[in-house]
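Below: one structure, written as structure tokens.
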């Protein structure tokens, strides 16, 4: 799928859902990462999916997510 086709699909989905905010690639990545972390996915796995070289970049998402994240244990611990 070409990028333009993808953007049209996103735009149509936003209209169908009556969402009046712009959706950027960054906002979609951010929502995806937040969703994963809130549902117990290991932060190292999210780091790999987002291709962050530094875990601190991924940890930014933990600042805006549910407090339950504090209880998630990394598989590396």
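Just so you know, all these numbers are worked out from the coordinates, no wet-lab data involved. Computed from a predicted model, the values in this text were never measured in an experiment. Heads up, the Cβs are rebuilt from the backbone with ideal geometry, glycines too, and the neighbour counts pull from every protein chain shown.
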Ranked output for segments 1-11, 42-52 by mean other Cβ atoms within 10 Å, highest leading, reads 42-52, 1-11
The extension gain from residue 23 to residue 48, computed as 0.36 nm times the residue separation minus the Cα-Cα distance, is 6.7 nm
Cα-based Rg and Dmax for the range 1-68, in Å, come out at 13.9, 38
A chain fully extended from residue 8 to residue 30 at 0.36 nm per residue, minus the present Cα-Cα distance, gains in nm 5.9 nm
